[in-house]
Every structure is written in C-alpha cells, then in structure tokens.
Amino acid sequence: MSRDSSMQWVVVIVRLPAQPSRHRVAVWRELRKVGALSLGQGVWAAPEVPVFAAGIQRALELADRAQGETIVLRAAGREPDDAARFQEMFTAAREEDWAEFLADCGKYTAELDKEIRNAKFTLAELEEEEQSLERLRRWHRDLKARDVFGASGAPEAGEQLAECVRRFEDYSDKVFAHLHAFGSGTEGGPA
C-alpha cells in the first residue's frame with residue numbers, strides 16, 4: 001500500500017432529525033454505498049478523489065431534503081502519521097468489502113455446483129445465474145473504483161471473479177448440451 005501523506009479527505013458531518021428514521025438510513029446507505037468511512041455518529045470521510053464525489057453529493061441532497069444540517073470539510077493529517085492512520089482505516093474498510101465479496105463468490109460457485117449436482121439445466125436457471133454473475137461483476141467494478149489505496153484483498157477478488165466467470169461458462173455449456181440432447185430447446189427437456 002502506498003502512503004500518501006498529501007492526500008486530502010472530504011469529511012462530512014450530518015445532523016438529521018430523529019424522526020422519521022428513514023432519512024438517516026437513506027443518508028447512511030448512500031455514504032456506505034460510495035465507500036465513505038464512518039468516523040462516528042454522523043461523521044464520514046472519503047479521499048478527495050472523483051470516484052466519491054457523486055455519492056457524497058447525493059448523500060448531501062438526501063440530508064437537505066430531510067431538513068438536516070451538513071458540514072463538509074477538507075482535511076489532511078496534521079502529521080504524516082495521522083494521514084497514514086487515516087489511510088490504514090480506509091484500507092481496512094476496503095479489506096472488509098473484499099472479504100464480503102469473496103464470500104459471495106464462494107456462495108455463487110457453491111450454487112452452481114448444486115445446480116450441476118441436481119442436474120438443473122434450464123434456461124430459467126441459467127438466466128438467474130447470469131444475473132447473479134452480473135451483480136458480482138458490478139460489485140467488483142464498484143469496489144475496485146473506490147479501493148484507491150490498493151487493499152491486499154483486491155487481487156484475490158479478481159481471481160475469484162474470473163473463476164466465477166469460468167464456472168458460469170461451464171454451467172452454460174452443460175445447460176445447452178442438456179437442452180440440445182433433447183432437441184427441444186425448451187425449459188424442461190422431453191415432454
């Protein structure tokens with residue numbers, strides 16, 4: 001991980017009315033989705049790079065619509081060690097994201113194994129598995145974009161995504177072989 005003590009951070013302080021809670025949840029979700037680091041109740045930070053700007057802006061707009069108050073600050077570490085610690089905290093959060101992604105890749109390949117074991121070779125199941133793979137691809141792309149310091153889990157995540165793609169292609173081949181064996185091209189095989 002490279003250490004950039006000159007990195008500027010956007011610090012967002014959000015105060016929202018207690019009720020209805022859906023406004024707090026919406027702001028929290030938006031900031032979490034963009035990858036901002038929670039520093040405490042209503043205080044978030046993200047590196048000041050373009051990938052975070054739109055999500056932070058959406059969170060600010062949500063807070064404004066809820067009659068909340070926001071303060072946005074630009075910050076840097078007072079000392080190089082402060083900046084390094086902030087970067088470590090942010091990267092640790094990305095490591096957690098990558099670990100969650102890897103777990104979902106494992107669930108995906110286990111699901112494919114189950115479908116093969118159960119000989120569930122239908123077009124409907126193939127479409128469902130393709131949608132799940134596309135969700136993994138989008139998630140990987142989003143995580144990679146916000147992993148600005150290069151968390152150590154990223155390379156393994158890329159390898160696991162490639163394995164998911166390979167396994168999906170294998171499952172696709174089995175589905176089409178099964179359908180063509182019956183010559184019907186329909187969902188359930190022979191009538």
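Odds and ends about this structure:
- Test result for L112, of a type in the set (A, V, I, L, M, F, W, C), assigned by TED's automatic domain parsing to the domain that holds L136, within 30 Å of L179 (Cα to Cα) and without any contact (Cβ under 8 Å) to a residue 60 or more places away in the chain: yes
- Residues that are touching a helix residue (DSSP H, G or I) at 6+ places or on another chain (Cβ under 7 Å) and assigned to a helix (DSSP H, G or I), drawn from region 141-157: L143, K144, A145, R146, A154, E156, A157
- Only listed residue being in contact with an Asp or Glu (Cβ under 8 Å, 6 or more places away or on another chain), assigned by TED's automatic domain parsing to the domain that holds D113 and under 20 Å from K107 (Cα atoms), chosen from L143, L161, L133: L143
- Summed over region 32-86, residues that are under 19 Å from the mean Cα position of the chain (by Cα) and assigned to a helix (DSSP H, G or I) total 13.
- Subset of region 102-140 that is of a type in the set (A, V, I, L, M, F, W, C) and not in a helix (DSSP H, G or I) - its residue that is surrounded by the most Cβ atoms within 10 Å (Cβ to Cβ): F121
The values are calculated or read from the model by the stated rules, or taken from the named source; none is laboratory data. Because the structure is a prediction, the values reported are computed rather than measured. No Cβ is skipped: glycine too gets one built from the backbone with ideal geometry, and neighbour counts run over all protein chains shown.
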